[in-house]
Amino acid sequence: MKKLKIADGIHMLTMNVDDILFEGIWEIANGVTLNSYIVQGEKTAIIDGVIGWDGVPETLYKNMEEIGVDPKSIDYLIVNHMEPDHSGWISNFRKIKDDFTVICTEKAARMVKTFYDEDRVRIVKEGDTLDLGRGKVLSFHPVPNVHWPDTMYTYERDTKTLFSCDMFGAFGRMNEHCFDDELTPEEMDFFEFEGIRYYSNVMATFTPSLKKAIEKAKTLDIRIIAPGHGPVYRKNPQKIMNDYYRFSQYAEGAGKNEVTILWGSMYGMTKKAVDFAERVLQREKVKYNKLEMPQESESAMIAAVFESAGVIIAAPTYEYKLFPPVAAALNEIGRKRITGKTAFRFGSYGWSGGAEKELKEIMERNNMKWDFIESVEFEGAPREEDLKRIETGILELLKKMKEKVVE
Ligand code: FEO
């Protein structure tokens, strides 16, 4: 666990976590940080306490002591968000101190009770404040459904710091550098990549609410954004706000000037056409990602589709339907409400089609509103004329997706 000073009276405690599935689902190949913040006036508050996945709070307590904070002196536990990666230590904290107050929204209060049987709670609403003394005044700003209904921002007026919890966060472990002004260009790119994975995996479903949360952040005079995961932005907090706005556009059909080939093949017939499609994309000098299902993780698959302006679905018919791993991937994308992508499908069939029908059903069931170029299906292996039709489809896709490119 690292200890960093954000400003006078405000410290960050951060730890890297690896070897878990985030939320029990998402592979985090590059880890994730859990950030906790301590604000000291005459009274002391901890915002989004973290203890790591081992459930052992001693590390947190030891680190608090090392920055001169006696855990027993904590008066307020500010729960911006009840998901246990931020709140899992509450019941344990009771063992060392019995008189504290949890500060949270009404929705969080119910979960604080049901998850931790804790009812020493002060419920806050928009604009409520907590004066810690010595100039440290916190205000609270609910941002529901980011990504749980209970979520809120905490804002410290003196330093103009926004404690945004999951909002403006990213996957990815932090090593030496934890502030935006310390990050190398490579680390900046890394956290943008990890921010896209985080947003697409965890947040995308709630994009309308995230857009409202971005608007709410704009109403505050912000000098520092201190999220629950990933780097602190103190040089240019506008950067992560702009990034999040762009990510919200990706969820609604925009994307980078790149194509994701989401594909699967039973015996290599569809693969022949995928190989051909790659050659066309290379010739056209278009950046592309290639994700074979079910080999790829869902986390990587969702992120790639999410960030791309164009999607090629290459999958055969299997038992009168779409090749199941690709159908499952598209269903997951639909659950994430990634809508409006420009797309093109091709694939092989044996004795009967059916993939196309299921593709349409998935799109309709999830209200995805993807804009499709006419599909190409071929019997058995692709012939020369099939490849020509695929090339035409790809060129049409590249032309059409240009309208959706947002970099
Ligand atoms: Fe970082 Fe929604 O928990």
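The values are calculated or read from the model by the stated rules, or taken from the named source; none is laboratory data. Being a predicted model, the structure only gives us computed values, none of them experimental. Backbone-built Cβ (ideal geometry, glycine too); neighbour counts: all protein chains shown. Remember, those area values only see protein heavy atoms, side chains included, never the ligands or the DNA or RNA. Shrake-Rupley method; radii C 1.70, N 1.55, O 1.52, S 1.80 Å.
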Restricting to segment 185-221, name every residue that is over 22 Å from Glu27 (Cα atoms) and either touching a residue at least 12 places away in the same chain (Cβ under 8 Å) or touching a helix residue (DSSP H, G or I) at 6+ places or on another chain (Cβ under 9 Å) (or both).
Pro208, Ser209, Leu210, Lys211, Lys212, Ala213, Ile214, Lys216, Ala217, Lys218, Leu220, Asp221
Checked pairs for segment 336-358, first farther than 21 Å from Ser308 by Cβ, second of a type in the set (Lys, Arg), C-beta under 6 Å and 6 or more apart or across chains, list as Gly354/Lys321; Glu358/Lys321
Somewhere in segment 298-321, is a residue charged (D, E, K, R), under 19 Å from Phe372 (Cβ atoms) and open to solvent by 30 Å² or more (accessible area, probe 1.4 Å)?
yes
Hey, Asp131 at positive phi and touching a residue at least 24 places away in the same chain (Cβ under 8 Å) or not
no
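Looking only at helices (runs of 4 or more DSSP H) that fall completely inside segment 78-139, which ones have 3 or more residues that are within 16 Å of the ligand (Cβ to nearest atom) and either open to solvent by less than 20 Å² (accessible area, probe 1.4 Å) or not aliphatic (A, V, I, L, M) (or both)?
84-87, 106-116
Mind checking whether some residue in segment 239-248 is out of contact with any helix residue (DSSP H, G or I) (no Cβ under 8 Å at 6 or more places or on another chain) and open to solvent by 60 Å² or more (accessible area, probe 1.4 Å)?
Looking for residues that are out of contact with any helix residue (DSSP H, G or I) (no Cβ under 8 Å at 6 or more places or on another chain) and open to solvent by 60 Å² or more (accessible area, probe 1.4 Å), one finds at least one in segment 239-248, hence yes.
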Conditions (1) of a type in the set (S, T, N, Q); (2) more than 14 Å from Ser36 (Cα to Cα); (3) within 16 Å of the ligand (Cβ to nearest atom) -> Thr154 fails only (2)
So for segment 28-45 (the condition being farther than 24 Å from Thr159 by Cα and charged (D, E, K, R)), does at least one residue qualify?
no
Given (1) crowded, with 23+ Cβ neighbours inside 10 Å; (2) assigned to a helix (DSSP H, G or I), number of the condition Pro208 does not satisfy
(1)
Tell me yes or no: at least one residue of segment 339-354 is closer than 23 Å to Glu192 by Cα and open to solvent by 20 Å² or more (accessible area, probe 1.4 Å).
yes
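Against the condition crowded, with 22+ Cβ neighbours inside 10 Å, within 16 Å of the ligand (Cβ to nearest atom) and at pLDDT 95 or above, how does Val259 come out, does it pass?
Taking the combined requirement at face value, the residue does not satisfy it.
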Here are some conditions: (1) in contact with a Gly (Cβ under 9 Å, 6 or more places away or on another chain); (2) open to solvent by 10 Å² or more (accessible area, probe 1.4 Å). Met188 meets all but one. Which one does it not meet?
(1)
Among the residues of segment 187-199, is any within 30 Å of Tyr349 (Cα to Cα) and away from the ligand (no atom under 16 Å from the Cβ)?
no
Failed item, numbered, when Glu407 is tested on (1) within 28 Å of Asn145 (Cβ to Cβ); (2) in the same structural domain as Val274 (by TED's automatic domain parsing)
(2)
Might you check whether a residue that is in contact with a helix residue (DSSP H, G or I) (Cβ under 7 Å, 6 or more places away or on another chain) and without any contact (Cβ under 8 Å) to a residue 24 or more places away in the chain occurs anywhere in segment 147-154?
no
